[in-house]
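See structure below.
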Amino acid sequence: MSLSLPEVKQVAWLARIEITDAEADAARGPLNDIFKLIEQMQSVDTEGVAPMAHGQDVVQRLREDRVTETDRHVLYQGIAPQVEDGLYLVPKVIE
């Protein structure tokens with residue numbers, strides 16, 4: 001896939017980048033090189049290759065899933081200006 005000059009300008013417009021014709025022409029070569037690399041990567045046979053979550057064989061250490069803090073909602077609601085039925089009441093800000 002090769003990008004034409006109007007396509008490069010369209011991509012720049014979508015990205016909200018102001019670009020001159022000369023800049024678009026200069027960017028067209030590197031963008032086309034990127035598309036060639038993508039086509040080359042897509043042509044690789046990956047049948048039978050398992051998906052990986054990481055490029056290296058690393059494992060994240062996980063902590064035990066347990067509660068480490070006590071329930072303090074009564075304490076926090078005790079200092080709130082207005083509470084009703086366990087909910088914080090706030091002033092209306094949108095008319």
Q. Going through the stretch 18-31 one residue at a time, which ones are open to solvent by less than 100 Å² (accessible area, probe 1.4 Å) and either outside any helix (DSSP H, G or I) or at positive phi (or both)?
A. ILE19, THR20
Q: For VAL8, indicate whether it is assigned to a loop (DSSP other than H, G, I, E, B), open to solvent by less than 100 Å² (accessible area, probe 1.4 Å) and at pLDDT 90 or above.
A: no
Q: Could you please tell me which pairs satisfy a Cβ distance under 6 Å, a separation of 6+ or placement on different chains, a first residue in the stretch 32-54 that is open to solvent by less than 90 Å² (accessible area, probe 1.4 Å), and a second residue that is not polar (S, T, N, Q)?
A: ASN32/LEU3; PHE35/MET1
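The values are calculated or read from the model by the stated rules, or taken from the named source; none is laboratory data. Keep in mind it's a predicted model, so treat the numbers as computed, not measured. Positions of Cβ are generated from backbone atoms using ideal geometry, with glycine treated the same way; all protein chains shown enter the neighbour counts. Protein only, heavy atoms only, side chains kept; ligands, DNA and RNA dropped before computing areas. Shrake-Rupley method; radii C 1.70, N 1.55, O 1.52, S 1.80 Å.
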